[in-house]
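See below for the structure under consideration.
The values are calculated or read from the model by the stated rules, or taken from the named source; none is laboratory data. Computed from a prediction, not measured in an experiment: that's the story for all the values here. We place every Cβ from the backbone using ideal geometry, glycine too, and count neighbours over all the protein chains shown. Heavy atoms of the whole protein, side chains included, go into the accessibility calculation; ligands, DNA and RNA do not. Shrake-Rupley method; radii C 1.70, N 1.55, O 1.52, S 1.80 Å.
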Amino acid sequence: MKPTLESLCDMPEVFQYGATAGYGPLLEFLNGYFELPETHIAMACTGSQQGLDLIARAYVNPGDKVVMEAPSYLGAMQVFGLVQAEIVTVPQNAHGPDLVALETCFAEQAPKMFYAVPDFHNPTGVCWSLETRKQVAALCEKYHVALIEDAPYRELRFSGEALPLVSDFCPQHSIVLRSFSKIASPGLRVGIVTGKRSYLEPLIKIKQGADLHSSVPMQAVLLGLLQHEDFDAHIDTIRALYKTRYEKMFNALTNYLPEGCDINPVEGGMFVWVTLPQCDTFALAKSLLSNGVAVVPSPVFYPQHQLASSALRLNFTNATPDELEEAVKRLSKGLSEQLAQPEAMQA
Ligand SMILES: Cc1ncc(COP(=O)(O)O)c(C=O)c1O
């Protein structure tokens, strides 16, 4: 990072105003890096979160339907909520969205878009199967629903086989959001949106009104990092680190979680989702926090909190293996105590 930052001192041009779509050398590099088809362009945003906001502002009118899996990413619900979309959810299973429910929803509700996180979903960690990817793409084409594929965890695969983007199967019906927050630095606030030119041009127009452009020095830093000869090795290091931490946490959960709680293995990303007997997960999260364990209660990941099944999102990336083991012990003890008093736990 240091030499990349120092090189900015010899680049006075990046401290001027820049193009709204992004820093030219970065966009050029990304064309090859993402192997974009001829029809597609890339634009740089202030984090992929801004890309999502621009999509919502450009394309969603009050009352338009936006489909998501339930549970889903809180930041997406906020963005689509702000433009007064009607958020329609479909259940998620171990391979991705329930395809029967998805097709029924597309056929009966004529939604404008389907927002999805197919790689190591936030919050569940689910990675869609190849077959699901193909089928969702076919449904988006058949029912003319735009797919908004949000892929911030895609590079964090630590086991299993790499899969194509869902958008690879419906490139003319999709927009992809990429983030460098999980593999470079969240503080840089650089994300990338890609899609066919006609989909992206309205986003560039709105971004111009919003902030003229994202920070050019930070885009230049990102380019420097991506071109660094050790960048691939850096990602391999993160993957190996997260794999070790995940395995430690998953094994501890398998050993210590009380009866009635359930977990599914993940192949990458940052999260494990623990399903619980029905209980007040906010109260549970609060009491765990007072005991030094931070978890996120499931209702925050549902547009209608009261419809959430009880579960917790656990993050395994930011603690040492020993800390994770201790955290799981405290979590399991806290859970056992609370589940033993059902009257205290009802939501
Ligand atoms: C699914 C998902 N999308 C988007 C974002 C936002 O990423 P960025 O830092 O690139 O704005 C996050 C951040 O956690 C996320 O989990």
Next on the checklist: Criterion first (free of Cβ contacts under 8 Å to residues at least 40 places away in the same chain and open to solvent by 40 Å² or more (accessible area, probe 1.4 Å)) does S290 satisfy it?
Outcome noted: yes
Pairs returned, first residue in region 62-80 that is touching a residue at least 24 places away in the same chain (Cβ under 8 Å) and among the charged types (D, E, K, R), second residue that is assigned to a helix (DSSP H, G or I) and more than 11 Å from the ligand (Cβ to nearest atom), beta-carbon separation under 6 angstrom, 6 or more apart or interchain, are K65/Q109
Within region 179-191, the residues that are more than 8 Å from the ligand (Cβ to nearest atom), open to solvent by 10 Å² or more (accessible area, probe 1.4 Å) and within 24 Å of E28 (Cβ to Cβ) are A184, S185, L188
Item checked: Q338 vs. criteria over 26 Å from D119 (Cβ atoms) and touching a Cys at 6+ places or on another chain (Cβ under 8 Å) -> yes
In region 52-89, anything out of contact with any His (no Cβ under 8 Å at 6 or more places or on another chain) and part of a strand (DSSP E or B) is listed as K65, V66, V67, M68, A70, E86, I87, V88, T89
Of the candidates T132, T194, T124, the one satisfying the condition of being open to solvent by less than 20 Å² (accessible area, probe 1.4 Å) and either acidic (D, E) or more than 16 Å from the ligand (Cβ to nearest atom) (or both) is T132
Of the residues in region 40-70, those that are more than 26 Å from P217 (Cα to Cα), open to solvent by 10 Å² or more (accessible area, probe 1.4 Å) and in contact with a helix residue (DSSP H, G or I) (Cβ under 6 Å, 6 or more places away or on another chain) come to R57, A58, K65
For region 142-166, pairs from a residue that is free of Cβ contacts under 8 Å to residues at least 60 places away in the same chain and open to solvent by less than 10 Å² (accessible area, probe 1.4 Å) to a residue that is within 16 Å of the ligand (Cβ to nearest atom) and among the charged types (D, E, K, R), with Cβ under 9 Å and 6 or more apart or across chains, are E149/D119; A151/D119; A151/R178; V166/E149
